[in-house]
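Worksheet for the structure shown next.
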Amino acid sequence: MSCMGLVPDSSGIHASDPSMDGSRLITACSDEHLAALRARYAARPFVDEEQ
């Protein structure tokens, strides 16, 4: 079973939907892994200039 979710990522640019810029879809192998990945992304700085 895999889990997916969006995380904030200032380097994330969506190919066809500009409203999704600044987000990245991630896939994890479990809810616990997804929570750990979300925590790592939450600790990263969001750099507006990358947008």
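Derivation of every value follows stated rules applied to the coordinates shown; laboratory data play no part. Computed from a predicted structure; not experimentally measured. Glycine also receives a Cβ, built like all others from the backbone with ideal geometry; neighbour counts cover every protein chain displayed.
Summary table below
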quantity	calculated
Selection within the stretch 2-20 - assigned to a loop (DSSP other than H, G, I, E, B), surrounded by 11 or more Cβ atoms within 10 Å (Cβ to Cβ) and over 10 Å from the mean Cα position of the chain (by Cα)	Ile13, His14
Neighbours by Cβ (under 7 Å, 6+ apart or cross-chain): first from the stretch 21-46, of a type in the set (Gly, Ala, Ser); second loosely packed, with under 13 Cβ neighbours inside 10 Å	Gly22/Gln51; Ala28/Ser2
Scan of the stretch 40-51 for residues that are loosely packed, with under 12 Cβ neighbours inside 10 Å and either within 11 Å of Cys3 (Cα to Cα) or of a type in the set (Lys, Arg) (or both), ordered by number	Arg40
Flag if Gly22 is on the phi > 0 side of the Ramachandran plot and either touching a Ser or Thr at 6+ places or on another chain (Cβ under 7 Å) or among the hydrophobic types (A, V, I, L, M, F, W, C) (or both)	yes
Positions within the stretch 21-39 being closer than 21 Å to Glu49 by Cβ and buried (at least 16 other Cβ atoms within 10 Å of the Cβ), in sequence order	Gly22, Ser23, Arg24
